[in-house]
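Below: one structure, written as structure tokens.
The values are calculated or read from the model by the stated rules, or taken from the named source; none is laboratory data. Given the structure is predicted, the values throughout are model-derived calculations rather than measurements. Positions of Cβ are backbone-derived with ideal geometry, glycine not excepted, and every protein chain shown enters the neighbour counts. Heavy atoms of the whole protein, side chains included, go into the accessibility calculation; ligands, DNA and RNA do not. Shrake-Rupley method; radii C 1.70, N 1.55, O 1.52, S 1.80 Å.
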Amino acid sequence: MIPIKIRETRQILSNAEVSGTKTAAMKYKTIFHVDDDEDDCRMISEIIAAIPDPGSYFKSHNPIEALHTLGKKEVTPDVILLDYYITTMNAPEFVSQLRTAAHLSDIPVIILSTSDAHAIIAQATTLGVEHFLKKPSDYNDLSTLIKAHL
């Protein structure tokens, strides 16, 4: 798990704010992001840092370590952002294991994926994820998408 202090990141990334438009504060104050792609983590942390009163952002590149961290209550997120295709465990496996722990079973999960195949969306829906979002390739589109769901 790699904690990132959003307030410090925000100062560094003040130019990353999207076109001067005012964005509403997030409904989730503690975000745990599980993604093995460092570039995606960086982009999403920048997007979150540009939101007023961004709260706390934590990330893990390894879903097994993320489950361990969550299981030990080292982080208690309000929402989990989860990449669908993670090298050591896919999103359905992660969510299935997450839902077995009573203190984690009600945490909303938002799956991010480059695919929008009906089969994986249906599988995610069956697992009870909050949202399934197809990752756009454009940074501004990704920013708009993330901000709309956080």
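Rounded to the nearest Å, what's the spacing between the alpha carbon centres of region 27-70 and region 96-150? Just the number, please.
Comparing the Cα centres of region 27-70 and region 96-150, I get a distance of 13 Å.
Can you work out the Karplus-derived ³J(HN,Hα) for every residue in region 81-95? Use 6.51 cos²θ - 1.76 cosθ + 1.60 with θ = phi - 60°, whole Hz, and x for glycine or proline.
8, 10, 6, 5, 9, 10, 4, 9, 6, 7, 4, x, 5, 4, 5
Amide H of Tyr57: which non-local residues (sequence gap of 5 or more, or other chain) have their own amide H closer than 5 Å, using H built in the peptide plane?
For Tyr57, whose amide H was placed from the backbone, the distant partners under 5 Å are Ile4, Ile6, Ile31.
With the contact rule set at Cα under 8 Å and sequence spacing of 6 or more, what percent relative contact order holds for region 24-145?
For region 24-145, the relative contact order is 23 percent.
Relative to the Cα centre, what is the charge dipole magnitude of region 70-122, using +1 at the beta carbon of each Lys and Arg, -1 at the beta carbon of each Asp and Glu, and rounding to the nearest 20 debye? Write out the running numbers ahead of the final one.
On the way: 3 positive and 6 negative charges, 37 e Å.
Taking the Cα centre of region 70-122 as origin, the dipole is about 180 debye.
Accessible area per residue, 1.4 Å probe, Å², for region 34-150: what's the number?
Here the per-residue accessible area is 45 Å².
Which net charge results for the neighbourhood of His61, defined as the other residues with beta-carbon distances under 9 angstrom from its beta-carbon, given Lys and Arg at +1 and Asp and Glu at -1?
Net charge around His61: -4.
Quantify, in whole percent, the carbon and sulfur part of the accessible surface of region 76-150 (1.4 Å probe; protein heavy atoms only).
Values: 1860 of 3590 Å².
Answer for region 76-150: carbon and sulfur cover 52 percent of the accessible area.
Grab the Cα-Cα distance for Ile64 and Ser96, subtract it from 0.36 nm times how many residues apart they are, and report the gain in nm with one decimal.
Values: separation 32, 0.36 × 32 = 11.52 nm, distance 1.25 nm.
Stretched out fully, the Ile64 to Ser96 stretch lengthens by 10.3 nm.
Check Leu81: other-chain or 5+ apart residues with amide H under 5 Å from its amide H, H built from backbone geometry?
It is Phe32, His33, Val34, Ile110, by chain and number.
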